[in-house]
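The values are calculated or read from the model by the stated rules, or taken from the named source; none is laboratory data. These numbers come from a predicted model, not from an experiment. Neighbour counts are summed over all protein chains in view; Cβ atoms, including those assigned to glycine, are modelled from backbone coordinates with ideal geometry.
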């Protein structure tokens, strides 16, 4: 049974597999919180699953959270620490090989015609590693957050194991066969 009292969250760095996880959870039977303003494109052919009001969490725009109970929303790692303590959350935190994240971000920026980051990869990796450590440490200290970490690369290599973990974490009633069908290895374009 899906937890209807908690807000379900998919988080991680941009380009870490968060959109794919959202699509999998939707296929598994969990309603998604999205405004569909950012449409699918070459960078994310299956859609972004974003909700603009998430970006206003740091401004304490919490009015939408009550309606998100029992649903899943994507919140990037840079915003998750702004979640108020007045709700309970089940967070699936996506991790991916850092060089692949950087390569994917670089390609996406290029396709969008945006300037490439001038910071060296090694320095960015250190910055991201500190950020991820801080965010995970923060989540683990929150009594209102249950956390499941999923490695994107491992999920692509062994989807059954990852989906079993996700299904158990989400209450055991997801349509796991539909979820497996959402894993598209053709979209795994930045490999390390």
Q | Test result for residue 188, farther than 29 Å from residue 60 by Cβ, surrounded by 13 or more Cβ atoms within 10 Å (Cβ to Cβ) and modelled with pLDDT under 85 | A | yes
Q: Would you be able to say whether some residue in the stretch 33-54 is surrounded by fewer than 17 Cβ atoms within 10 Å (Cβ to Cβ), at pLDDT 95 or above and within 19 Å of residue 178 (Cα to Cα)?
A: no
(Q) Which count do you get for residues in the stretch 84-105 that are in a loop (DSSP other than H, G, I, E, B) and either out of contact with any helix residue (DSSP H, G or I) (no Cβ under 9 Å at 6 or more places or on another chain) or in contact (Cβ under 8 Å) with a residue 40 or more places away in the chain (or both)? (A) 6
Q | Pick from the stretch 3-32, criterion part of a loop (DSSP other than H, G, I, E, B) and touching a helix residue (DSSP H, G or I) at 6+ places or on another chain (Cβ under 7 Å), ranking: modelled with the lowest pLDDT | A | 15
Q: For the stretch 158-175, name all the residues that are in contact with a helix residue (DSSP H, G or I) (Cβ under 7 Å, 6 or more places away or on another chain) and at pLDDT 95 or above.
A: 162, 163, 167, 174, 175
(Q) Any residue that is part of a helix (DSSP H, G or I), modelled with pLDDT of 95 or more and surrounded by 15 or more Cβ atoms within 10 Å (Cβ to Cβ) - is there at least one of those in the stretch 176-183? (A) yes
